[in-house]
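What follows is calculated from the coordinates using simple rules that are stated; it is not laboratory data. Treat the numbers as computed from the prediction; the structure is a model and nothing was measured. Here the Cβ is made from the backbone with ideal geometry for all residues, glycine too, and neighbour counts use every protein chain on show.
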Number of protein chains: 2
Amino acid sequence: MELDKRKVVILTTIIKNYLETGEPVGSRTISKYSGLNLSSATIRNEMSDLEEMGYILQPHTSAGRIPSDRGYRFYVDQLMEKHQRDLVEVKSSMLERVDRLETALKQLVRTVADNTNYAAMVSGPSVHKNKIKFLQISVVDVRKLLLVVMMQGNMVRTATVNLDGTEELDFNTVLSLNLILNDELAGLSAVDITEGRCAQIFARSRYKATLRAILETIKEMLGAEAGEPQIYTSGATNIFKYPELTDSENASKLISALEKKDELAELVREADVDSQGGSHQIQVYIGEESPLQNIADCAVVTANYALGNGMKGTIGVIGPKRMDYEKVLEILSGLMKEMDQAFQ
Amino acid sequence: MELDKRKVVILTTIIKNYLETGEPVGSRTISKYSGLNLSSATIRNEMSDLEEMGYILQPHTSAGRIPSDRGYRFYVDQLMEKHQRDLVEVKSSMLERVDRLETALKQLVRTVADNTNYAAMVSGPSVHKNKIKFLQISVVDVRKLLLVVMMQGNMVRTATVNLDGTEELDFNTVLSLNLILNDELAGLSAVDITEGRCAQIFARSRYKATLRAILETIKEMLGAEAGEPQIYTSGATNIFKYPELTDSENASKLISALEKKDELAELVREADVDSQGGSHQIQVYIGEESPLQNIADCAVVTANYALGNGMKGTIGVIGPKRMDYEKVLEILSGLMKEMDQAFQ
DNA sequence: TGTTAGCACTCTGATAAATGGAGTGCTAAC
DNA sequence: GTTAGCACTCCATTTATCAGAGTGCTAACA
């Protein structure tokens, strides 16, 4: 069977209607609102076909139809095509006057959640591919240094370095160590800090134990598994606006996922991979497609942002399957564009 | 009417039973489990009295009784007394090998949530009363400095300082500015940075615009309204374990409160005040007593911790009114003790 | 051959009625 | 002061009823 023009119109009408109301939609409704001027009986025949083809399904006999995952998928694919063509510009002053990426991200995720009315997440740029702008050590006490690293994009990380206290560091030593470290490490990302590079650094100073401790800390701090994956979320409570997600079971899982964040990290990874394969940088996962295990009945839209200097991250929106894809896609792609401009 | 011994036993039995089951408890149940060897009829008479005295109430005629806020209050007060005497020691290796307070707090709040099965929050020590250990500025570019401040307790704050670019800062200038700033500011807290102090600093260098910008940033960073109040939460999903909190309305409000955090800040402030008035450092708020507006049917237990060097913060547990107060009090007071030891 | 009207049928969701159980308050007896 | 007994109340759960919405099918129509 073929998905002809008329079927497409009917399918789209069903989906749009369902997105709005969340109620199964019946033949009479479509007959009235599709603009096709067909009787409900005819529509019924077509719907029967659509169901057979797997685009829609009935919650039970004698109920209207709701979109299946496949139906959503079709609809979203259509949207994406259209979207490719005209990228909508979202005006927003959100990124003004923000001089640190982290602050910007927190604001960002809040804005996205507020505007979409869904839950939102954003991952900080993956640090380990991120380049060091400069770094600095200072003495806290005999056994402890404070290490501050500023990355491209003015992201700052701090850590303390524990020493064994055998090497005494006077003021000038610290100064020279700072010089050496900056000299050798500026412009590098974590993966660039190889054994060879370390050896080269050791060669330039006699405070090898200290340097080793510092380098270890840097690697740990920037390494792939560095702590939490730096994910900010917002708008978790928005999910209570959608009855189909609000039963205790679902809500608990969703909130938990948003709180735990390690699952979200999985999502970020997935989005990253998918976008490299495909051509879009915006992904839509519907129901089972989602990398988020054990949260069903949800749809996830992710967008990867790139900041030009190799830093990449992901913004995601999590909501019910019947989310307003069009709006979400608009908001995200507008945002992408703005971020590109703001952080060259 | 007097609250004699027998009434106390009955009240306690009601509360304990209700804490476990969450169901109204009837006279027969008490007759069996109170150990009083009284018939249900007698119990009924006593219950009638207790209700008149406001300690318990009936959800409806012909249901069992549940504790009123006043009933809980009585029970908790009793517990607190007992608790004053024998402070239970909680073994926990949680605070080992943690060299930065923030990391410790995140772990801490998670542990509390996991152990209690309620939602937990912890506030970082209030920064503005916190003393500067040392600080450091570095040049990012002509118009931007990086400012790093380490406080007592090894808490680190960073911020960027925007300059107008009129004063050119060479290496030695930065060095001397660093010296001056540390010289003048080390050991001070935000409130100590007065106008007079600033003037004194300006007198020591000709880079006044730069110094002004730096001092402004420091004040902003450490000031009373500095950004978010540094609150970490965990275990929000635990509330789904208690049916009475799980209806969409309540759950939404609670999760929202935990997400927004500004309400929690209110709680922290309140806990701080209350503890100064009273003698305990552990507070229990039941129902309406809670400073958290618009979340009813909850109880909140807060404990203030002090780190000896003037830094203070609050740990809180948020759960249903029928929370296991005994356990929570034990855990919190154990924790207090441990923190005291760990961070002298 | 595609479209439509009509009809019988099904399923749901809401509302109402029936039932059983748990618990109370009161009275009278111990 | 305590207890047994009884009538009464209220809730939660089940069962029944019913209207509404929607479908599928058939037969008629253009």
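What does the charge dipole of the protein assembly as shown about its Cα centre add up to, to the nearest 20 debye, if the Cβ of each Lys and Arg holds +1 and the Cβ of each Asp and Glu holds -1?
380 debye
Name the residues whose placed amide hydrogens come within less than 5 Å of the amide hydrogen of A:Leu57, ignoring near sequence neighbours (fewer than 5 apart) on the same chain.
A:Ile66, A:Ser68
Using a label point 7 Å beyond Cα on the Cα-Cβ vector, give me the inter-copy distances for A:Cys198 in nanometres, one decimal, shortest first.
With the label placed 7 Å along Cα→Cβ, A:Cys198 yields 4.7 nm.
Positive end of the charge dipole of the protein assembly as shown (Lys, Arg +1 and Asp, Glu -1 on Cβ, about the Cα centre): tell me which of A:Phe202, B:Thr13, B:Ile315 has its Cα farthest that way.
A:Phe202
On a 28 Å Cα-Cα criterion, which of the cross-link pairs A:Lys144/A:Lys260; A:Lys260/B:Lys260; A:Lys260/B:Lys144; A:Lys106/A:Lys337; A:Lys144/B:Lys208 come out too long?
Pairs exceeding the cut-off: A:Lys144/A:Lys260; A:Lys260/B:Lys144; A:Lys144/B:Lys208.
In Å and on Cα atoms, what radius of gyration and Dmax does chain A show?
25.9, 90
What net charge is computed for the residues neighbouring B:Tyr72, neighbours being all others with C-beta under 9 Å from the C-beta of B:Tyr72, Lys and Arg scored +1, Asp and Glu -1?
+3
Can you give the Rg to Rh ratio of the range A:128-222, both from alpha-carbon atoms, with Rh computed by the Kirkwood formula?
Answer for the range A:128-222: 0.93.
Based solely on its DSSP helices, what 222 nm [θ] is calculated for chain A when runs of n ≥ 4 H residues each add -39,500 (n - 2.57) and the sum is averaged over all residues, nearest 500 deg cm²/dmol?
Mean residue ellipticity at 222 nm (helix-derived): -14500 deg cm²/dmol.
Among chain A residues, which Cβ is nearest the axis of the A-onto-B rotation, and at how many Å?
So the closest residue, with its distance, comes out as A:Val148, 2.
Give a residue-ordered list of calculated ³J(HN,Hα) values for the range B:134-147 (Karplus: 6.51 cos²θ - 1.76 cosθ + 1.60, θ = phi - 60°; whole Hz; x for Gly, Pro).
Once rounded to whole Hz, the list reads 7, 9, 7, 10, 9, 7, 8, 8, 4, 10, 8, 10, 9, 10.
With only alpha-carbon pairs counted, each pair once and no self-pairs, how large is the Kirkwood hydrodynamic radius of the range B:5-67 in angstroms?
About 11.2 Å for the range B:5-67.
Provide an ascending nm list, one decimal, of label-point separations from B:Ala209 to the equivalent residue in each further copy; define each label point as 7 Å from Cα along Cα→Cβ.
Spelled out, the distances from B:Ala209's label point are 4.7 nm.
Once the convex hull of the alpha carbons of the protein assembly as shown is built, what does its volume come to per residue, in cubic angstrom?
With only Cα atoms used, the protein assembly as shown gives 198 Å³ per residue.
Tell me which residues come under 5 Å, amide H to amide H, from A:Val140 once H is placed; ignore anything under 5 positions away on its chain.
Amide H neighbours of A:Val140: A:Leu145, A:Leu146.
Shortest first, in nm, what separates the label point of B:Glu167 from those of the same position in the other copies (7 Å along Cα→Cβ)?
For B:Glu167, the inter-copy label distances come out at 3.5 nm.
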